[in-house]
Amino acid sequence: MAIDPSSGSANSQPGYALFKSGQLEDSGLVRIRSGDEVHNRLYRLSHSLREDFEQPDLLVTENIPPFMGEGPGAAFATRNVISLHQSVGVIMSIWDVPVLLVSPRSWRSLVPDNYHKSDENDAIMLGWTAIHKALLAIA
């Protein structure tokens, strides 16, 4: 299972992608009502993952850098990065399974030319990247 982290803000929801034997079986969004305090949204993320999904054999999520660009034109402010780190912590704590962290640079290097950015598609790319790296490692 691959999860693109989010704390459920108005503009972003956690994306998920379920793989079986290296094939994509299902993908979508974990819907979290936005507008509440981040700790309430993170609780709902935890609850939804526990209740709506079976325990995977392996969990893949994004390895968010501790700092992302700040200042004019920056994609994320420190506050957003902190919320993403908190989301990753919640995701990693749900199940007692191995966790593979994939860097944004790693999965973005594999996106096709016609890639449409979305939380769901980002989760799919996290999963494909993990599969791609595993296949390279055994080749």
**Report entry** Residue tally, condition of a type in the set (D, E, K, R) and under 12 Å from the mean Cα position of the chain (by Cα), over segment 102-131
**Finding:** 3
Query raised in the report: Any idea which residue in segment 13-45 is surrounded by the fewest Cβ atoms within 10 Å (Cβ to Cβ), counting only those that are within 15 Å of ALA2 (Cβ to Cβ), among the polar types (S, T, N, Q) and more than 16 Å from the chain's Cα centre (by Cα)?
Result: SER21
Query raised in the report: Would you say VAL111 is in a loop (DSSP other than H, G, I, E, B) and in contact (Cβ under 8 Å) with a residue 12 or more places away in the chain?
Result: yes
Requested in this report: Test LEU101 against the criterion of being aliphatic (A, V, I, L, M) and surrounded by fewer than 16 Cβ atoms within 10 Å (Cβ to Cβ), and give yes or no.
Outcome: yes
Requested in this report: Using the structure shown, decide if ALA130 is under 12 Å from MET1 (Cα atoms) and touching a Ser or Thr at 6+ places or on another chain (Cβ under 7 Å).
Outcome: no
Report task. Kindly indicate whether GLU120 is at pLDDT 95 or above and part of a loop (DSSP other than H, G, I, E, B). Result -> no
Report summary line: Within segment 46-56, residues assigned to a loop (DSSP other than H, G, I, E, B) and under 14 Å from the mean Cα position of the chain (by Cα) come out as none
Report task. Look at LEU24 and say whether it is touching a strand residue (DSSP E or B) at 6+ places or on another chain (Cβ under 7 Å), more than 10 Å from ASP119 (Cα to Cα) and hydrophobic (A, V, I, L, M, F, W, C). Result -> yes
Requested in this report: Within segment 21-45, track down each residue that is more than 14 Å from ILE91 (Cβ to Cβ) and part of a helix (DSSP H, G or I).
Outcome: VAL38, HIS39, ASN40
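The values are calculated or read from the model by the stated rules, or taken from the named source; none is laboratory data. These numbers come from a predicted model, not from an experiment. Every residue, glycine among them, receives a Cβ derived from its backbone with ideal geometry; neighbour counts consider all protein chains shown.
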